[in-house]
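Everything below concerns the one structure shown next.
The values are calculated or read from the model by the stated rules, or taken from the named source; none is laboratory data. Remember, it's a predicted structure, so these values are computed and weren't measured experimentally. Don't worry about glycine lacking a Cβ; one is built from the backbone with ideal geometry, like all the others, and counts go over all protein chains shown. Surface areas here come from the heavy atoms of the whole protein model, side chains and all, with no ligands, DNA or RNA. Shrake-Rupley method; radii C 1.70, N 1.55, O 1.52, S 1.80 Å.
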Amino acid sequence: MIVMKFGGTSLADASRIREAAALVEKHLPERPVVVVSAHAGVTNRLIELAREALRRRTRFDGIRARHAEILSGLALPGDFVDDLLEELESLLTGITLVRELTPRSLDYVLSFGERISARIFAAALRSGGVGARAIPAWDLGLVTDSAFGEAHPLEESYPRIRRSLARVRDVPVITGFIAKDREGNITTLGRSGSDYTAALVGAAVGAEEVQIWTDVPGVMTADPRIVPEARSLSRLSFREAGELAYYGARVIHPSTMIPAVRSGIPIRVLNTAAPGHPGTVILAERGAGGPSVSSIAHKRGVTLINVVSTRMLLQHGFMAKLFDVFARHEVVVDMISTSEISVSITTDVGRDLTPLRRELSTFAEVSVEGGKAIVCLVGEGIRASKDTETLVFRTLEEAGVRTRMISMGATRINLSFLVDEADVEPAVRALHRVFFEREDPGT
Ligand code: ADP
Ligand code: ASP
Ligand code: MG
């Protein structure tokens, strides 16, 4: 059995959907289980619609037209997903009437993207003569907690999914990204969460491989949108992929590695536009050799919070108190650095940090600086290399990039630093040139 997950770009229009369906057909002997994202751009549009609904009756035609175009391109009946579109429309009307958009109702709105695309993809497979059935993940038994927007799957999901899939004879086309909590409310697993669904389903059924089909030929040495010279990596370890994903390499969702690590099932990142390319295989160990740095990730939208307290910093309990405030305000911390009188902390939560700041100000001086970014070098080889750090600092200095904070994880497979958002591209490009575009990077 294999899991084949198709991302939004691989399902963007009728012709791409047909190509993806042909790939599934080709893999039929391996008994594929399909996981789909919403068609490209649909989730973003649904978020806009939900926010718009708060203020006025929404202009719903765009999403209807988008799906109508896909349906007609696939020669499917024009009313094929009308029941779902009508349910979505009444939900949006409800939001307008009560003038309230809770995280719970937002997840409900977002669920339509994947519910519609699964139904359309299953139909596309059937048109090609492949027995296929769209299944919302919750019907298979994917249950999460109630952390709307970023829900965590519960342990009981694994045996349930295994049992449910054992009964399905057709090719299952499962909705990625969405689930339900124990009370039956719809939840989502966080943006790009379909990768996570795919790995979870793979672990549940003991798949031989989880394939993430996307618009790039695997995980690359950097985001090719910033570095056109980036090249695809043949192997990565779960640890490396986890770090890269966490530090912004959008190609894979960070939680994807959780089920993969527990089951040891390899994940392969493949390109729908070049299916013959072997892509990147992500495994427990990537094997010896290779360069010290495997890839460079970056994450924008980071905020730096400086906490200064001359009196209390060295007192025991101060750090506990500090992090307790972050925990209560649900502000996830990325990088930390301390000195005798100050602690600097970064976070990428997009929310208003005023309440957090107010509470911290009751016992310390606080300053908040937005517009930052983290650039992160990841590689199992960094641990053994003596001069990666020196090379990084020299390169950044030559590129005129000022670094604000530096941190190396205890496992020594990542080296991350904070820069101004405007410096991301020059920093990533300069580092890429030195580590990947030179014969001898000197490490
Ligand atoms: P999908 O719709 O298939 O889920 P995404 O847009 O979520 O696709 O992820 C693919 C994108 O991830 C690529 O188009 C690329 O711009 C971006 N990306 C960021 N970092 C990397 C990287 N290191 N390797 C490959 N792609 C990357
Ligand atoms: N459609 C969702 C998103 O855009 C999930 C995914 O693409 O994996 O975030
Ligand atoms: Mg994605």
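Points worth noting:
- Cα centre as origin, Lys/Arg/Asp/Glu Cβ charges: the chain dipole, Debye: 440
- On full extension, the segment bounded by LEU97 and MET408 gains 106.9 nm, given 0.36 nm per residue less the C-alpha separation.
- Per-residue SASA remark: HIS277, around 70 Å² accessible (1.4 Å probe; ligands, DNA and RNA not included).
- Using alpha carbons only: equivalent-ellipsoid semi-axes of the range 43-82, gyration tensor based, whole Å: 24, 9, 7
- Proximal aspartates and glutamates to LYS26, defined as alpha-carbon separation beneath 16 angstrom and excluding residues fewer than eight positions away on the same chain: ASP170, GLU209
- Centre separation in Å (Cα based) which lies between the range 213-287 and the range 375-425: 20
- Using the Cα coordinates of the chain, the gyration tensor eigenvalues translate into equivalent-ellipsoid semi-axes of 38, 28, 20 Å, sorted from longest to shortest.
- Label-to-label distance, nm, for residues given as ARG191 and VAL308 (7 Å Cα→Cβ offset): 3.3
- Compared with the dominant principal axis of the Cα atoms in the chain, helix 103-127 is inclined by about 50°.
- The range 342-443 - percent relative contact order, Cα under 8 Å, separation 6 or more: 30
- Share of carbon and sulfur in the accessible area of the range 66-213 stands at 48%, probe radius 1.4 Å.
- Estimated D of the range 363-412 in µm² per second, where Rh is the Kirkwood radius over Cα pairs and Stokes-Einstein applies at 4 °C, 1.567 mPa s: 97
- Reducing the range 1-60 and the range 303-355 to their Cα centroids gives an inter-centroid distance of 39 Å.
- What the Kirkwood sum gives for the range 331-443 is a hydrodynamic radius of 15.7 Å, with every pair of different alpha carbons counted.
- Projected label distance in nm at GLU330 and SER90, using a 7 Å step from Cα toward the beta-carbon: 2.9
- In the range 116-218, a dipole from Cβ-located charges (positive for Lys and Arg, negative for Asp and Glu) runs towards its positive end, and of VAL168, THR188, TRP138 it is VAL168 whose Cα lies farthest in that direction.
- Sorting the segments 172-183, 253-264 by their mean number of nearby beta carbons within 10 angstrom, highest to lowest, gives 172-183, 253-264.
- Between ARG57 and GLU365, the modelled labels are 5.6 nm apart [label points 7 Å from Cα along Cα→Cβ].
- Efficiency of FRET from Cβ geometry, GLU208 and ARG383, R₀ 35 Å, rounded to 0.05: 0.70
- Rounded, prolate or oblate (a/c below 1.5 giving rounded, otherwise prolate when a/b exceeds b/c) for the range 65-216 by Cα gyration tensor: oblate
- Ratio of the Cα radius of gyration of the range 202-264 to 2.2 N^0.38 Å, where N counts its residues: 1.16
- Electrostatic dipole magnitude of the range 172-320 [Cβ: Lys, Arg +1; Asp, Glu -1; Cα centre; debye, to 20]: 360
- The accessible surface of the range 261-420, taken with every protein chain in place and a 1.4 Å probe, is 52 percent carbon and sulfur.
- Net charge dipole size for the range 28-96 [Lys, Arg +1 and Asp, Glu -1 on Cβ; Debye, nearest 20]: 380
- Principal-axis tilt of helix 82-98 within the chain, Cα atoms, nearest 10 degrees: 50
- For the range 222-232, the Karplus equation 6.51 cos²θ - 1.76 cosθ + 1.60, evaluated at θ = phi - 60°, returns couplings of 6, 5, x, 6, 9, 10, x, 7, 4, 10, 7 Hz by residue, with Gly and Pro reported as x.
- Shape category assigned to the range 1-114 from the gyration tensor of Cα positions, a/c cut at 1.5: prolate
- Computed helical MRE - 222 nm, the chain, DSSP H runs ≥ 4 contributing -39500 (n - 2.57), nearest 500: -11500 deg cm²/dmol
- Cα-based shape type of the range 196-320, given that a ≥ b ≥ c are square roots of the gyration tensor eigenvalues and the cut on a/c is 1.5: prolate
- Each residue of the range 356-363 is assigned a 3J(HN,Hα), and the resulting list reads 5, 4, 4, 5, 5, 5, 6, 9 Hz, derived from the Karplus form 6.51 cos²θ - 1.76 cosθ + 1.60 (θ = phi - 60°), x at Gly and Pro.
- Of GLY370, HIS316, LEU236, farthest towards positive along the dipole that unit charges on Lys, Arg, Asp, Glu beta carbons give the chain: LEU236
- Packing rank of 231-242, 48-59, where each peptide gets the mean count of other beta carbons within 10 Å, highest leading: 231-242, 48-59
- Dividing the Cα radius of gyration of the range 262-306 by its Kirkwood radius returns 1.12 for Rg/Rh.
- For the chain: accessible area per residue (Å², 1.4 Å): 44
- Compared with the dominant principal axis of the Cα atoms in the chain, helix 424-436 is inclined by about 90°.
- Across LYS180/LYS372; LYS321/LYS372; LYS5/LYS180; LYS299/LYS386, pairs whose alpha-carbon gap is larger than 28 Å: LYS180/LYS372
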